[in-house]
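The values are calculated or read from the model by the stated rules, or taken from the named source; none is laboratory data. Small disclaimer: the values here were computed from a predicted structure and weren't measured. For neighbour counting, all protein chains shown are included, and Cβ atoms are generated from backbone atoms with ideal geometry for every residue, glycine included. Only protein heavy atoms, including side chains, enter the accessible area calculation; ligands, DNA and RNA are left aside. Shrake-Rupley method; radii C 1.70, N 1.55, O 1.52, S 1.80 Å.
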Amino acid sequence: MKDFVVFEDVSKYYRMGEQLIKAADQVSFTIDRGEFCVMVGPSGAGKTTILNMLGGMDACDSGLIRLDDCEVSKLNEKQLTDYRRHEVGFVSQFYNLVPNLTALENVELASEICHDPLDPKEVLDAVGLADRMHNFPAQLSGGEQQRVAIARALAKNPKILLCDEPTGALDYETGKNVLQLLQDSCRQTGKTVIVITHNQAITQMADRVIHLRSGRVARVEQNAKPLPVERIEW
Ligand SMILES: Nc1ncnc2c1ncn2[C@@H]1O[C@H](COP(=O)(O)OP(=O)(O)O)[C@@H](O)[C@H]1O
Ligand SMILES: [Mg+2]
């Protein structure tokens, strides 16, 4: 479906004393359903601000934000809570797992609050952790913990997966494996995925690349032939 995600003239300003910071400045773009989208730009470009507004974690000052048939920018606090709970899966560089729950229990915790969750064991199996389900986070490597975090987001069966620098805390090979998992989730289940990065090389794996600079969309590219992660070097 065309225009699954819509941003129309979205702005978000922060006032720091005398200074006005335009974290997002008249941002407009669209993303189709099932696309793998990479948002790229230097630190401070507004990437996290944009993702948080789409995820219902932060409100815009002006403009329109829509996900599928839901006008996110019009939701009240109560509606935003439901929206975050049911429609959005979120992955960041901080895995944010509950330390005294096993991998399986961490995923169950998320699926229990949703209408139409996937089976936590099946999702952990799909991310390659079938034999680590009963381990606690401290018994898992960084890459494995990130896989649990991704499984937790996917188990909610959300409309979209939002990933803010998902490889930020991982080494090169592990980071590549995690990106591969995200790309596979998109290709195999048709999930719409947005990955934020400051790494230009990663743009080669995307269907759509949104370049951000100083709170503005500098350029949007579409790749007819996105590469698998193993073909990308940086
Ligand atoms: N809560 C906040 N208060 C003040 N300034 C903020 C806040 N959040 C973000 N900013 C500023 O907005 C700009 C964009 O930040 P951010 O979206 O985090 O960029 P990125 O994720 O691309 O590094 C930066 O200049 C940042 O300092
Ligand atoms: Mg950021």
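Some notes on this structure:
- Thr174 farther than 17 Å from Glu144 by Cα, open to solvent by 30 Å² or more (accessible area, probe 1.4 Å) and β-branched (Val, Ile, Thr): no
- Test for Leu51: is it touching a Leu at 6+ places or on another chain (Cβ under 7 Å) and within 11 Å of ligand 1 (Cβ to nearest atom): yes
- Check on Ala59, modelled with pLDDT of 95 or more and either within 13 Å of ligand 1 (Cβ to nearest atom) or touching a Cys at 6+ places or on another chain (Cβ under 8 Å) (or both): yes
- Which numbered condition Ala169 misses (of (1) within 23 Å of Arg66 (Cα to Cα); (2) surrounded by fewer than 24 Cβ atoms within 10 Å (Cβ to Cβ); (3) within 16 Å of ligand 1 (Cβ to nearest atom)): (1)
- Pairs with Cβ under 7 Å, 6+ apart, first in segment 40-52 and more than 22 Å from Leu67 (Cβ to Cβ), second assigned to a helix (DSSP H, G or I) and within 8 Å of ligand 2 (Cβ to nearest atom): none
- Which listed residue, of Lys78, Lys47, Lys22, is charged (D, E, K, R) and out of contact with any strand residue (DSSP E or B) (no Cβ under 7 Å at 6 or more places or on another chain): Lys78
- Helices (runs of 4 or more DSSP H) lying entirely in segment 21-136 (those with 2 or more residues that are away from ligand 2 (no atom under 16 Å from the Cβ) and surrounded by 15 or more Cβ atoms within 10 Å (Cβ to Cβ)): 77-86, 103-111, 120-126
- Unique residue being among the hydrophobic types (A, V, I, L, M, F, W, C) and under 28 Å from Glu105 (Cβ atoms) when the list is Leu227, Leu170: Leu170
- Residue in segment 206-216 that is open to solvent by 60 Å² or more (accessible area, probe 1.4 Å) and more than 16 Å from ligand 2 (Cβ to nearest atom) present: no
- Every residue from segment 184-207 that is closer than 16 Å to Asp32 by Cβ and under 14 Å from the mean Cα position of the chain (by Cα): Cys186, Lys191, Thr192, Val193, Ile194, Val195, Ala206
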